[in-house]
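The values are calculated or read from the model by the stated rules, or taken from the named source; none is laboratory data. Every value quoted in this text rests on a predicted model; they were computed, and no experiment measured them. Backbone-built Cβ (ideal geometry, glycine too); neighbour counts: all protein chains shown. Ligands, DNA and RNA are stripped out before the accessible areas are found, and what is left, the full protein with its side chains, is counted by its heavy atoms. Shrake-Rupley method; radii C 1.70, N 1.55, O 1.52, S 1.80 Å.
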Amino acid sequence: MIILAPIFAWLWLRLGSRQPSSPAKFALALLFMGLAFLLLMPAGAIAQGGVKVSPLWLVGAYFVEELGELCLSPVGLSVVTKLAPTRIVGLMMGVWFLSNAFGNKLAGWSAGFISTLPLPTLFGVTAGVSLVAAAIMFALIRPVRGLMGGVN
């Protein structure tokens, strides 16, 4: 995060008006998450076979996830403050963080299947859900941008 945040900040500034919209950055975040879990599928298959796997699989997955995090978190906070009516900005920030808490709860619930599902299946389902959500978000970029009323 500390290394990549300045790079992303530079990238968005460098792209200027050509940078992806906020909804596109959300879709990219979902795409990166799905790709990270796709990356873990072969490692899970190897580990299921009883072979030790390199921790570099996790490093790679965390790197890809972090790319998504940098597309989502700072952009989400910015969008909430820009789009929320002034008198309820604090409430909407609370809703943003509540959605993060709900996502973490959902992640914990799905991690509970680690003892009952083969790892490649668990990682594959998670990747599939993330990639389908990314496809839906990519399809909704234009309508969402229209609802944003010109706010970037």
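See the values below:
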read-out	value
Calculated volume of the Cα convex hull per residue in Å³ (choose from (i) 134; (ii) 119; (iii) 108), label	(ii)
Using a Förster distance of 22 Å, the FRET efficiency for residue 145-residue 97 (Cβ separation, nearest 0.05)	0.35
Top of 44, 60, 103 by mean-square fluctuation, Gaussian network on the chain, Cα under 10 Å	103
MRE, 222 nm, helices only [DSSP H, n ≥ 4, -39500 (n - 2.57), over the chain, to nearest 500]	-26500 deg cm²/dmol
Per residue solvent-accessible surface (Å²) - the range 17-80, probe of 1.4 Å	51
Zone residues, the range 75-98, relative to residue 5, backbone N less than 19 Å from point 7 Å out along Cα-to-Cβ	75-81, 97
Inter-part distance where the range 98-120 and the range 1-42 are each reduced to a Cα centre, Å	23
